[in-house]
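Heads up, the thing below is written out as structure tokens.
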Amino acid sequence: MEKTNFPITNWSEDDKPREKLMLKGKDTLSDAELIAILIGSGSRNESAVDLSKRILAGVGGLNSLAKLSITQLMKFKGIGEAKAITIIAALELGRRRKTDERTELKTVTSSKIAFEIMRPIIGDLPHEEFWVLFLNNSNKVIARSQLSKGGISGTIVDVRLVYKLAIENGATGLILCHNHPSGTLKPSDADKQITKKMKLAGESLDVKVLDHLIITESKYYSFVDEGIF
């Protein structure tokens, strides 16, 4: 018996995004349709696409959606634990792909490029993290490392660990980066002190601190650009 191909109008509402992707390609799907494919099904009164539209409207878009926890996602009627985990996993894969693309052998010639590398990693976090980009003689990023992860109030950075990693990676320069979840770009006294401490330690090891960036979701502060170095 020949297989019957039903037109998309005959498919269930939950299956239409899949059919659209197969027939027209992934680029033709809206954010809501892509999320609908992830969650698979809606309910008796709401299709997966309508549920996805409701979620996106409720949080304000994909960037805000990516910040939600499993518990927060499950507050939306129709989203259970399995669907919440699927959404979080998919968005995390997307974030990691962007991170890999931006970091791989990227040559840092300005503070803006360093910001573009690190913003997807720490720009929208609800807590503070301290990272270091390790660079070679050509100012290409050869490694990156999270040094600390803390609460809203701040982080603790081990200077010895930074230079241990620098030596292990053969780095000749490094860029300090941390985020301010509050959104403020003004460096604290602690920010200035750790920068000075890092610079002094690097001088004896011939590893130069090239900059220190404070990063928020859409903006950054460069110690070099602001003349603090």
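The values are calculated or read from the model by the stated rules, or taken from the named source; none is laboratory data. If you're wondering where the values come from, they're calculated on a predicted model, not measured in any experiment. Don't worry about glycine lacking a Cβ; one is built from the backbone with ideal geometry, like all the others, and counts go over all protein chains shown.
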query = Hey, T184 hits all of (1) of a type in the set (V, I, T); (2) surrounded by 14 or more Cβ atoms within 10 Å (Cβ to Cβ); (3) farther than 16 Å from A114 by Cβ but one; which does it fall short on?
reply = (2)
ask   = Has segment 125-142 got any residue that is of a type in the set (G, A, S) and either out of contact with any strand residue (DSSP E or B) (no Cβ under 7 Å at 6 or more places or on another chain) or at pLDDT 95 or above (or both)?
value = no
ask   = What single numbered condition from (1) outside any helix (DSSP H, G or I); (2) closer than 22 Å to S218 by Cβ fails to hold for G78?
value = (2)
request  = Among the residues of segment 156-171, write down those that are assigned to a loop (DSSP other than H, G, I, E, B) and more than 12 Å from L133 (Cβ to Cβ).
outcome  = I156, V157, D158, G170
ask   = What are the residues in segment 64-84 that are touching a residue at least 40 places away in the same chain (Cβ under 8 Å) and more than 13 Å from S52 (Cα to Cα), if any?
value = A66, K67
ask   = Which of the residues that make up segment 1-60 are of a type in the set (A, V, I, L, M, F, W, C), at pLDDT below 90 and not in a helix (DSSP H, G or I)?
value = M1, F6, W11
remark   = Going through (1) at pLDDT 90 or above; (2) out of contact with any Leu (no Cβ under 8 Å at 6 or more places or on another chain); (3) part of a helix (DSSP H, G or I) one by one, K83 fails only at (2)
inquiry  = Whether any residue in segment 47-57 is of a type outside the set (A, V, I, L, M) and either in the same structural domain as P187 (by TED's automatic domain parsing) or surrounded by fewer than 12 Cβ atoms within 10 Å (Cβ to Cβ) (or both) is what I want to check.
reply    = no
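Does I156 qualify as being within 21 Å of Q193 (Cβ to Cβ), modelled with pLDDT under 95 and buried (at least 19 other Cβ atoms within 10 Å of the Cβ)? Please lay out each step first, then the result.
Numbers: within 21 Å of Q193 (Cβ to Cβ): yes; modelled with pLDDT under 95: yes; buried (at least 19 other Cβ atoms within 10 Å of the Cβ): no.
For I156, the condition - within 21 Å of Q193 (Cβ to Cβ), modelled with pLDDT under 95 and buried (at least 19 other Cβ atoms within 10 Å of the Cβ) - is not met.
Say we look at segment 107-144 and pick out the residues that are in a strand (DSSP E or B) and aliphatic (A, V, I, L, M); which of these is nearest to P187 (Cα to Cα)?
Within segment 107-144, the subset in a strand (DSSP E or B) is 107, 129-135, 140-144.
Filter once more, so that each one left must be aliphatic (A, V, I, L, M): 132-133, 135, 141-143.
On the way: V132: 17, L133: 19, L135: 23, V141: 24, I142: 27, A143: 25 Å.
Among residues in segment 107-144 that are in a strand (DSSP E or B) and aliphatic (A, V, I, L, M), the one nearest to P187 (Cα to Cα) is V132.
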task = Confirm whether K196 is touching a Ser or Thr at 6+ places or on another chain (Cβ under 6 Å), at pLDDT below 95 and either at negative phi or of a type outside the set (A, V, I, L, M) (or both).
result = no
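May I ask you to say which residue of M74, M22, M118 is in contact with a Cys (Cβ under 6 Å, 6 or more places away or on another chain) and either under 30 Å from G173 (Cα atoms) or not assigned by TED's automatic domain parsing to the domain that holds K192 (or both)?
It is M118.
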ask   = So which residues in segment 206-218 are loosely packed, with under 13 Cβ neighbours inside 10 Å and not polar (S, T, N, Q), if there are any at all?
value = D206
